[in-house]
Amino acid sequence: ERLLKIVEQEAAYNKNSIDGTSVLRIARLLWAGTLSVKALILFKLFDYDNNNRVSLSEMKTFYQQYLKEFKFPHNENRTNEIIDIFLTGFHFDDDDDQQINFDQFYTVLQSNDELLHTLYLISIPDQHLLISNLQNKISHHCCTREYIKNNLNRIICLFIYILVNLSLIIYVVVYRLMMAKLNGWEITARIGGELINFNFSFSFLLMLKQTITLIRSNSFLRHYVPVDNHIDLHKIVGTVIAVSSIVHSLALMINYTVKPSEYTWIQQMFTTIPQYGWINGTAPITGIVLFILLFIMVLCAMQFVRQKTGYYQLFYYTHLLYVPLFILLIIHSRDFWKWFIGPIVLFSVEKLYSFKRCFGKYGLTYLLSVTIEDENVLSLIIYRPHNFSFNIGDYIFINFPLIASYEWHPFTISSGPEEKNFLRLHIQKQKNWTKKLHDYFTNYSKQRDSYEKLVDTVLLPVMPEYTRIQSPKIIEFNDQSGNKQINLRIDGPYSSCTRYIFDCEHCVLIGGGIGITPYVSVLESLMYQFRSQRMICSNCSHMNYTNEFCCRRTLKKVDFIWINRDVKNFGWFIKLLSDFEVEQETYLNANPEHERYLDIHLYFTSLASNETNRMGNVAYDLVANVYSQISHKDMYTNLKTKTRIGRPNWKLLFSKLKVEQKNRTTSVFFCGNKTMGQTINQQCQEQNFLFHSEPFDK
Ligand SMILES: Cc1cc2nc3c(=O)[nH]c(=O)nc-3n(C[C@H](O)[C@H](O)[C@H](O)COP(=O)(O)OP(=O)(O)OC[C@H]3O[C@@H](n4cnc5c(N)ncnc54)[C@H](O)[C@@H]3O)c2cc1C
């Protein structure tokens, strides 16, 4: 209504229709208007009584209404506080009537580039961007030269894997035809059998987590062996096993039908009379049992079972059927053990090692404290067993007997490896085990609360308290608190691709929601290293840093991107982010010639993005920019970094990073949901960035 009023189309608003010429006129104005014209439109938006002056109360009323409709996630007090601070930026007090004219308004906007930039939102959506996005989607294919270069090791491994399978097929066809003169169905069955032998053994190699950790720690080895995709390859191998066993069984069934034999079809299929197979002619019977077990295993490993709430344990336990499968395969097939002996020895050594570690000196530990961060997330501080060593981004499996005796769940260690006293995990509530854990400690804190033994501390000195629905509650388990010690078992650590970060030149760390935990451990570690380089002059107490930190290391720049649906989630790690900002500022003050080491980018997605040129966001953008200009902090988090609304425009962001870091290789690390991962991967291919991802839902 206000916009139409400004462009003198109030009649159109009343009639609820507008003619084409007027639409074009408005579009031209919005699209091609100069900055001062756009500023005038914005000014007129606030000038409700159309007297060419904007009063304090007009602007205040506008914003109270606007932020309410904008679903601004603060309560009324905080909203008013923000509006009041924002309004001081326009110097209404200089005038007795508390009014400003357009010149005064425009002067304020011109005082800062960011404020002027706000005016660009007064436009019509950029169709070029939409069209080029669409074109990208259509023209995107994975066979570009950059893609092949960046994924060469994966492509070579896949090629070798296919080659081995093809060689086996050729070997069976040639060898069996020449030596045994078998018919087509028999040869098909043998091909299936041979592929099962190889793929079953190979699938074990792909799950050797300790060996994978060793490969990851060695930059030469990991360059050639694409360990990050081991689970993807394991799934492919599993599919080949399933298809081969169907082919093997069907071919045998048909062969028993078509080939003349002294035995009946039933005898050949279900009895040991014909003495088929290796041990005691049990191949038909073991074959049927193998087929049934494999069917159950494959069915329960499908995504719709594995990722369905509450069904993960079904997947887990049915996958343990590999033990009877392995025994039956030895009995069933003459050649199987030859393929299997190597992988099973390695696998057994690893299992024994993990078992010893988990049920030996590192395994049993206890809780030091639990923080109920909010209604969805807990953080556990666990005593770090002596000699327990881990690396950034590693994860452990934990088992809480008081929640479920036989369930183990993986969680990333969000504390840095330099923290010797404890391990910290951040656990988001899902629907099953994690929910029970959350409920348990929430109830626990309530009971303790009534005994007044709860240590209830607001952890976050920097976060505006209104942003949080409730302050985090800390339950401590020590002699002073009187709370009984709670034991738990841990199994690990296991590695992730996050380990490579310190070997990269420029890293973009992207976390969606709780997926930020691996990168928090990176920040903690960096923070520790930063601090350990501090030097304080004994004469004047001036603080500086040794040159080692930025000059000697490979990692020169980190862009830390955290995307949250809810703004209050930033509270989980706000203290760390704020400390890092302060530390970096101190460092840059002491070394002005050095470049920034860390840039933080925070996005929250429950509000629509600015990046898509939404004109409705202009008033919001103005308040956010003026607020941070006056108070030197973000209105959501109180950090120096401005929180952006909506999803990142990856194309724009990555192009900017590419220009900034033009001489460096950029590696993107992502942990979050799959769809976002695909979009980011695609953008990485376009910008020729290396992409690594570590999804929680594998
Ligand atoms: C390497 C890795 C690191 C992780 N780090 C974190 C972290 O730091 N913080 C965090 O909040 N979450 C993390 N997760 C996810 C976390 O393990 C699951 O959310 C949790 O196990 C769900 O338990 P639930 O019974 O409540 O889930 P459900 O509600 O039953 O299921 C929710 C989802 O969790 C998956 N899931 C359930 N049990 C397991 C399990 N034992 N192992 C793997 N996936 C499972 C299911 O497939 C389903 O997709 C991580 C997962 C992996 C694989």
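Solvent-accessible surface of the range 158-357, averaged per residue with a 1.4 angstrom probe and all protein chains in place: 57 square angstrom.
I need the peptides 367-375, 160-168, 483-491 ranked by packing, meaning the mean over residues of other C-beta atoms within 10 angstrom, with the highest value on top. Provide the component values of the computation, followed by the final result.
Details: 367-375: 20.4, 160-168: 13.3, 483-491: 16.2.
Answer by packing, highest mean first, reads 367-375, 483-491, 160-168.
The alpha-carbon of Lys662 sits under 27 angstrom from the alpha-carbons of these lysines, leaving out residues fewer than 8 places away in its chain: Lys137, Lys149, Lys556, Lys557, Lys640, Lys642, Lys651. Its relative contact order, with pairs defined as Cα atoms under 8 Å and 6+ residues apart, puts the chain at 12 percent. Couplings 3J(HN,Hα) of the range 689-695, computed from phi: 9, 7, 10, 10, 9, 9, x Hz, in residue order, whole Hz [Karplus 6.51 cos²θ - 1.76 cosθ + 1.60, θ = phi - 60°; x for Gly and Pro]. Heavy-atom accessible area with a 1.4 Å probe sorts Tyr312, Tyr224, Tyr366, largest first, into Tyr224, Tyr312, Tyr366.
By accessible area of protein heavy atoms, probe 1.4 Å, what ranking do Tyr263, Tyr63 get, highest first?
On the way: Tyr263 65, Tyr63 0 Å².
Ranking Tyr263, Tyr63 by accessible area, largest first, yields Tyr263, Tyr63.
Between Lys68 and Thr88, the simple spin-label model (points 7 angstrom out along Cα→Cβ) gives 2.6 nm. Compared with the dominant Cα axis of the chain, that is its longest principal axis, helix 433-450 is turned about 50°. With a cut-off of 10 Å between beta carbons, the residues surrounding His386 carry a summed charge of +3, where Lys and Arg count +1 and Asp and Glu -1.
Projecting label points 7 angstrom from Cα along Cα→Cβ for Arg334 and Thr257 puts them 2.7 nm apart.
Translational diffusion of the range 158-357, estimated by Stokes-Einstein from the Kirkwood radius over alpha carbon pairs at 4 °C in a medium of 1.567 mPa s, is 70 µm² per second.
Angle of helix 618-631 to the longest C-alpha principal axis of the chain, folded into 0 to 90 degrees and rounded to 10: 80°. For Phe46, the accessible area of its heavy atoms, probed at 1.4 Å with every protein chain present, is near 0 square angstrom. Within the chain, DSSP assigns beta bridges of which about 55% are antiparallel (rounded to the nearest 5). When each of the peptides 281-293, 665-677, 396-408, 19-31 is scored by the mean number of other C-beta atoms lying within 10 Å of its residues, the order from highest to lowest reads 665-677, 281-293, 396-408, 19-31. The heavy atoms of Cys504 offer some 20 square angstrom of accessible surface to a 1.4 angstrom probe. Pull up the cross-link candidates among the lysines for Lys259, meaning alpha carbon to alpha carbon under 19 Å and not fewer than 8 places away within one chain. Within the straight-line cut-off, Lys259 pairs with Lys181. Simple spin-label estimate for Leu3 and Tyr48 gives 2.0 nm between the two label positions (7 Å along the Cα-to-Cβ direction from each Cα). Over all Cα atoms in the chain, the spread is summed up by Rg and Dmax: 31.8, 113 Å. Across the protein chains, with a 1.4 Å probe defining accessible surface, the residues Lys15, Lys473 rank Lys15, Lys473 from largest area downward. Within the same chain, lysines fewer than 8 places from Lys361 are excluded, and of the rest, those with a Cα less than 19 Å from its Cα are Lys351, Lys420.
Using 0.36 nm per residue of separation minus the Cα-Cα distance, give me the extension gain between Ser57 and Asp697 in nm, one decimal. Mind showing how you got there, number by number?
On the way: separation 640, 0.36 × 640 = 230.40 nm, distance 5.11 nm.
Separation in residues times 0.36 nm, less the Cα-Cα distance, equals 225.3 nm.
Taking the chain as the reference, fit the longest principal axis to its C-alpha atoms, fit the long axis of helix 76-88 to the helix C-alpha atoms, and give the angle between the two in degrees, 0 to 90, nearest 10. Between the helix axis and the principal axis of the chain, the angle is about 50 degrees. Note on Ile155 and Lys420: the extension gain reaches 91.4 nm, defined as 0.36 nm multiplied by sequence separation minus the Cα-Cα distance. For Thr554, the accessible area of its heavy atoms, probed at 1.4 Å with every protein chain present, is near 70 square angstrom.
The values are calculated or read from the model by the stated rules, or taken from the named source; none is laboratory data. Just so it is clear, the model here is predicted, and its values are computed rather than measured. As a convention, Cβ positions derive from the backbone with ideal geometry for all residues, glycine included, and neighbour counts pool all protein chains shown. Surface accessibility is based on the protein's heavy atoms, side chains included, excluding ligands, DNA and RNA. Shrake-Rupley method; radii C 1.70, N 1.55, O 1.52, S 1.80 Å.
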